[in-house]
Amino acid sequence: MFMKQLSVFVENKQGALAKVMALLSDNGINMRAVSIADTQDFGILRVIVKEVDKAKDILKSNNVIVSVTEVVGVELADTPGALSKVMAVLDEGNINLEYVYAFVTPGKAESAYMVVRAGDNAKATAVLNAAGIHTLTQEDLEAML
Amino acid sequence: MAYFQKEIETASREQITEWQNQRLAATVKRVYDNVPLYRERMDAAGVKPEDIKTIEDLTKLPYTSKQDLRDTYPYGMFAAPMEDVVRLHASSGTTGKQIVVGYTRHDLDVWGEICARQLVAVGATKKDKIHVSYGYGLFTGGLGLHGGAEKLGCVSIPVSSGNTERQLTIMEDFGSDVLCCTPSYAMYLGESAEKKGLDTSKLPLRAGIFGAEPWTEEMRQSIEKSLNIKAYDIYGLTEIMGPGVSYECECQQGMHVNEDHFIIEIINPETGEHMPDGEKGEIVFSCITKEAFPLLRFRTKDIGTVTHEKCACGRTFVRMSKPMGRTDDMLIIRGVNVFPSQIETVLLQMDQSPNYQIIVDRVGVLDTLEVQVELTEDKFSDTVAEIAKVEKDLTEKLKSLLGIAAKVKLVAPGTIARSEGKAKRVIDKRKK
């Protein structure tokens, strides 16, 4: 019922991100969305790709720390106020958010997508769906990419 | 209980003292006659060889330091003519200029015997295949254990160090029973076996003899688990003999010093006063049967303790603790004494990777301590807060144990250099 995200440990030093990108690039992995949480010492790279397991195996076998995280994919209209509505629904549902980022995809010009990692992903999905907001499964995502 | 030389290894204290009295007196005479440095020092102190009758007289003798060995390099401390010397070994020189030591035929026999005592103490028999992954060459590790295996009549496999893939293949194909290498390399072999998908519980390997660098109880548990063996500690130093100066038995409660060949003292490094059983001090060794290179009261700079308590294995030789640090490895950070082994203990207790590096620096007038630890997959999370918590927990634990604050930095796996010899654990940037 959720979308999958690659979470990658990246040291905060020159060339660290380049190494991860080169591994994905060399293996023909296309990224749909990218977000980085940074601290003074390290970053967490969060990536949405079609071939999650393949990408994970490639990184893992090259000594990169990586995990697959379940996230909520939210589809919304690419118009002012759409995200505001989503946030209001989550707030009313008492959902805490760990992080959020967005992407758009060619051929779906009317829509924008949010990647949401909630304290409770299942509950977040339930309140969104109850408010008539569409959420994506990994299958939906793969079909779209 | 199996012993290699039961009558010696379980001798009474009176018997051991009698051997030590006679052998010390003979060695003192030998070095007085043959080593100018000892003659000069004894003359300066007004001590004649005949003044040394029993081990009670040991404290009349001068100490020997590593610097003395450098000053007399290469052959100034040799007490036998070259025609009687059959082999040379050298220390790696990681802490300064290298030193060279020599062995007569008799010295090699003794060395073989004490290493054979170690092998028997971990349960090895003539049928066993001894896989020696210490480096062969000038380093004493490889040829030392090799000599022990041959003395006992085992099947020695002189693999030497390096080429981890091949080590594992040999272990599997040849059916190695006992592994000898540095503890950090044993950890690495364990990691590599796992990576390769090699099920170590299916290997005949059942014991390991690990030494030549500091390691902790937690590392022992980790090696025992990953390689599916019992891991034993061996102690030695090139200056005194090489591996086998003291050896652990199946009780794994400290290492029996081969007191028929060496006398151990634990001293206060500042005052020279002897420390009672169980109290920490610098370990000092005297050789009492060596012919080519017999050192008296050699200051090892290793910090440890001894106990005369009876050991359940039946051996009567005094037991020494694993060295807890070195007088010269001891870092003084903001006035606090810190041993790298303390930091390692914390990391392993917290189930962290044993791959770490300590970086000491000075910013302005303040010393800084940074501990870099490789992050492992099971500690990784997709949120900053969770990883920051790993760092915070480690920081707090280190602070409570060391008494000073350390900055913990998690780094990517494989970024801290692995070594197949001695691990470089400390980078002290204050020393310019």
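Overview of results
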quantity	calculated
Proxy reagent accessibility, fewest Cβ within 10 Å first, across B:4, A:103, A:42	A:103, B:4, A:42
Long-range Cα-Cα pairs in chain A (distance over 23 Å), rounded percent	38
Under the Karplus curve 6.51 cos²θ - 1.76 cosθ + 1.60, θ = phi - 60°, whole-Hz ³J(HN,Hα) for the stretch A:13-26, x wherever Gly or Pro sits	8, 4, x, 5, 5, 4, 4, 5, 5, 5, 5, 5, 5, 4
Charge tally in the Cβ shell below 14 Å around residue B:55, where Lys, Arg are +1 and Asp, Glu are -1, residue B:55 excluded	-3
Average Cα contact separation per residue, chain B, under 8 Å, 6 or more apart, as relative contact order %	14
Gaussian network model of chain B, springs between alpha carbon atoms under 10 Å - residue of B:404, B:288, B:234 with greatest fluctuation	B:404
Burial ordering of B:19, B:215, fewest other beta-carbon atoms within 10 Å first	B:19, B:215
Selected from B:12, B:321, B:246 as most flexible by GNM, with chain B as the system and alpha-carbon contacts under 10 Å	B:12
Between the stretch B:23-57 and the stretch B:166-198, the alpha-carbon center distance in angstrom	47
Other-chain or far-sequence residues with amide H under 5 Å of residue B:242's (modelled H)	B:237
Kirkwood hydrodynamic radius of the protein assembly as shown, Cα pairs, Å	27.4
Estimated vicinal HN-Hα couplings, Hz - the stretch B:383-398 in sequence order (Karplus 6.51, -1.76, 1.60; Gly, Pro = x)	10, 4, 4, 5, 5, 4, 5, 4, 5, 5, 4, 5, 4, 5, 5, 5
Nearest-0.05 FRET efficiency for residue A:61 and residue B:163, computed from C-beta distance (R0 22 Å)	0.55
Volume in Å³ per residue [convex hull over Cα atoms, computed for the stretch B:331-428]	103
Selected from B:105, B:220, B:297 as most flexible by GNM, with chain B as the system and alpha-carbon contacts under 10 Å	B:105
Residues B:179, B:138 arranged by fewest to most Cβ contacts within 10 Å	B:138, B:179
Mean separation of Cα contacts under 8 Å, 6 or more apart, over the residue count of the stretch A:3-69: relative contact order %	47
Prolate/oblate/rounded label for chain B (Cα gyration tensor, a/c 1.5)	oblate
Separation between Cα centres of the stretch B:234-307 and the stretch A:86-131, rounded to whole Å	67
Semi-axis lengths (Å, descending) of the ellipsoid that matches the C-alpha gyration tensor of the stretch A:70-144	19, 14, 11
Estimated vicinal HN-Hα couplings, Hz - the stretch B:228-236 in sequence order (Karplus 6.51, -1.76, 1.60; Gly, Pro = x)	6, 9, 9, 10, 10, 9, 10, 10, x
The stretch A:70-144, relative contact order in percent, only Cα pairs under 8 angstrom and at least six apart counted	43
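FYI, it's all coordinate maths here, none of it is from the lab. Please read all numbers here as calculations on a predicted model, not as lab measurements. Positions of Cβ are generated from backbone atoms using ideal geometry, with glycine treated the same way; all protein chains shown enter the neighbour counts.
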